[in-house]
């Protein structure tokens, strides 16, 4: 049994046609058919039902297909690992970013990554933190930008503190102040994100500390929904600093008010990866670039 034969099976199952599978595998149709017959003879089971219209896998073929795909993925992983050891700053880097950070950091970060790592193929995945951790654990991501802390078992590089600001419509009593304290939120009701967002958990923690509460009957699906609800005068919320800078800075219908507490309420952003990864040196360099980019954005006047 060879990886090439397993690839023939995977492509045949995907395309359902011997001719197209042979074209994708860059072999003749008789060659592909012969090699699959050889694989069936070796395994002692029929893998495909050969019909006039479309190839269908047998029950044994379906089960073996799943193992074949995993073996091909593992082989590709071995090749990628060797490539990274030969040239750590080339190849593909699959980077996860959680949803309340990505839209505000990535537009400024990606051009810097392209300049600093010209041979690196960057693949970005933007999802909720829980999903990113699962993908990192199962090898579908190489690293992830997450709010700390995270579960043990990963390499963690703390990158920067991102302060929270109060987002309020201009008519709100707190909007006109140059700064506020957490205690000023006592008795206030804040609009928050739905379950599954780490920003929701952080905001709830601040509500408990300050004596504020959550607005009942409303949970937003995204940070931009929260922004628009505040701009429409529907309430107040907490915004991470990066979301208040650059092209998304406040307009006349939205005010951002910093906190005077020392230290101010904030979240810690870190870069996470598996200890076994060969990308450690590259990720350390990437972490420095992320830290520099975030600092530059947060230094921008709103």
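Observations on the model:
- In this rough spin-label picture, where each label sits 7 Å from Cα along the Cβ direction, the residue 76-residue 56 distance is 2.8 nm.
- Full extension of the segment from residue 177 to residue 189, taken as 0.36 nm per residue of separation minus the current Cα-Cα distance, would add 2.5 nm.
- The chain: angle of helix 29-43 to the longest principal axis, Cα-based, in degrees nearest 10: 90 degrees
- Within the listed set 280, 77, 96, the residue fluctuating most in the Gaussian network model of the chain (springs between alpha-carbon atoms under 10 angstrom) is 77.
- Antiparallel content of DSSP bridges confined to segment 91-302, in %, to 5: 55 percent
- Ranked 67, 284, 197, criterion: other C-beta atoms within 10 Å, fewest first: 67, 284, 197
- Tilt relative to the chain, helix 280-298 - C-alpha long axis, 0 to 90 degrees, to 10: 30 degrees
- For the chain, the mean residue ellipticity at 222 nm estimated from helices alone is -14000 deg cm²/dmol, where every DSSP H run of n ≥ 4 contributes -39500 (n - 2.57) and the total is divided by all residues, rounded to the nearest 500.
- Rounded, prolate or oblate (a/c below 1.5 giving rounded, otherwise prolate when a/b exceeds b/c) for segment 91-302 by Cα gyration tensor: prolate
- Between helix 102-116 and the chain: long-axis angle, C-alpha atoms, 0 to 90°, nearest 10: 60 degrees
Each reported figure results from applying straightforward, stated rules to the coordinates on display, with no laboratory input. Because the structure is predicted, anything quoted here is derived from the model rather than measured. Virtual Cβ from ideal backbone geometry, glycine too; neighbours counted across all protein chains shown.
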